[in-house]
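The values are calculated or read from the model by the stated rules, or taken from the named source; none is laboratory data. Note that the structure is a prediction, hence the values are computed from the model and not measured. Using ideal geometry, Cβ is built from the backbone for each residue, glycine included, and neighbour counts are taken over all protein chains shown. Side chains are part of the model used for accessible areas, which takes the heavy atoms of the whole protein and leaves out ligands, DNA and RNA. Shrake-Rupley method; radii C 1.70, N 1.55, O 1.52, S 1.80 Å.
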Amino acid sequence: MEESYVRTMERKRQNQELYLCFCGYSLCQPGHSFGPAVRPNYILHYILKGKGKYQIGGRTYELEQGQGFLIEPNVMTFYEADEADPWTYLWIGFDGTRAKKLLEEMGLTGHM
C-alpha cells in the first residue's frame, strides 16, 4: 500500500514532440512494489527519502535518497520500497516524438 497523489494531464494535440502525461508523489509503505509491468511511456522517478530497489533486464539496483530511475516505454520493470526505510518519491510521465532523443542528449537512458 502507498499514499499517492497523482495529476493526469490531457494530451495537447498541438505538441507531439514532447508532452506531459502525468506526475505524482508517493509515500510508500514498507515493501510496497509495482510490477513486473510494461509502461507505454517514459516515467522518471526521483527519490526524496528512504530507499528501495529497481529491477530491469535481469539486474537489480539498490537506490536511495537523491537518486532516481528511468522507465522506458515497452520495457519490463519492477520496483519495491525497502522494508526498514521505504522510499518517498516524485515521478513524471511523458512521451512524444522527440522524448527519446532529448533523454539521450541529457545522458539519460535505460542502458547501463
Inset, instruction - Could you give me the residue pairs with C-beta distances under 6 Å whose first residue belongs to region 79-98 and is at positive phi, whose second residue is among the aliphatic types (A, V, I, L, M) wherever it lies, and which are 6+ apart or on separate chains? - result: GLY96/LEU18
Inset, instruction - With the condition kept exactly as written, say whether any residue in region 67-78 is open to solvent by 30 Å² or more (accessible area, probe 1.4 Å) and free of Cβ contacts under 8 Å to residues at least 24 places away in the same chain. - result: yes
Legend entry - Leading residue by the ranking (modelled with the lowest pLDDT) among those in region 6-54 that are open to solvent by 70 Å² or more (accessible area, probe 1.4 Å) and of a type in the set (A, V, I, L, M, F, W, C): VAL6
Inset, instruction - For region 47-99, enumerate the residues that are charged (D, E, K, R) and touching a strand residue (DSSP E or B) at 6+ places or on another chain (Cβ under 8 Å). - result: LYS49, LYS51, LYS53, GLU62, GLU64, GLU72, GLU80, ASP82, ASP85, ASP95
Legend entry - Which numbered condition MET112 misses (of (1) loosely packed, with under 12 Cβ neighbours inside 10 Å; (2) at pLDDT 95 or above; (3) hydrophobic (A, V, I, L, M, F, W, C)): (2)
Inset, instruction - Can you run down the residue pairs with Cβ atoms below 6 Å, 6 or more apart or on separate chains, where the first is in region 26-40 and in a strand (DSSP E or B) and the partner is acidic (Asp, Glu)? - result: SER26/GLU2; LEU27/GLU3; CYS28/GLU2; SER33/GLU80
